[in-house]
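For reference, the structure is listed below as structure tokens.
The values are calculated or read from the model by the stated rules, or taken from the named source; none is laboratory data. Everything quoted here is computed from the prediction, not taken from an experiment. Heads up, the Cβs are rebuilt from the backbone with ideal geometry, glycines too, and the neighbour counts pull from every protein chain shown.
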Amino acid sequence: MTRKELAAELRVSVDTVRTLEVQGKLPKPVYLTPRLPRYDRQAVEAALGVVQTDADARYADEVAERIARAARRPRGGKRARRQEP
């Protein structure tokens, strides 16, 4: 599956998928060409664990939401506002 497909399935952004990959929480993709990464569905499911019950599904959704919120959180100081002339 593509990064975009994986991001949609996990309900996170493509950047979050890249971050999770760098952190080692997701397996590295297989590159079909230098710019064409693909993820193995079974490897992703094994890395994230298979959801067995509704409680597991709710917990997985909560974790995915926390990951997404953390990825959206701004880092560093305040951004300088651009002033109109």
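Data for the structure
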quantity: Residues being of a type outside the set (A, V, I, L, M) and closer than 12 Å to Val44 by Cβ - total across the stretch 3-19; calculated: 3
quantity: Residue tally, condition loosely packed, with under 14 Cβ neighbours inside 10 Å, more than 17 Å from Asp61 (Cα to Cα) and at pLDDT below 90, over the stretch 1-23; calculated: 2
quantity: The stretch 1-51: number of residues that are within 10 Å of the chain's Cα centre (by Cα) and in contact (Cβ under 8 Å) with a residue 40 or more places away in the chain; calculated: 8
quantity: Selection count, the stretch 44-58, where residues are over 18 Å from Thr16 (Cβ atoms) and either modelled with pLDDT of 75 or more or not small (Gly, Ala, Ser) (or both); calculated: 8
quantity: Leu26 vs. criteria at pLDDT below 90, in contact with a Leu (Cβ under 6 Å, 6 or more places away or on another chain) and either among the basic types (Lys, Arg) or not in a helix (DSSP H, G or I) (or both); calculated: yes
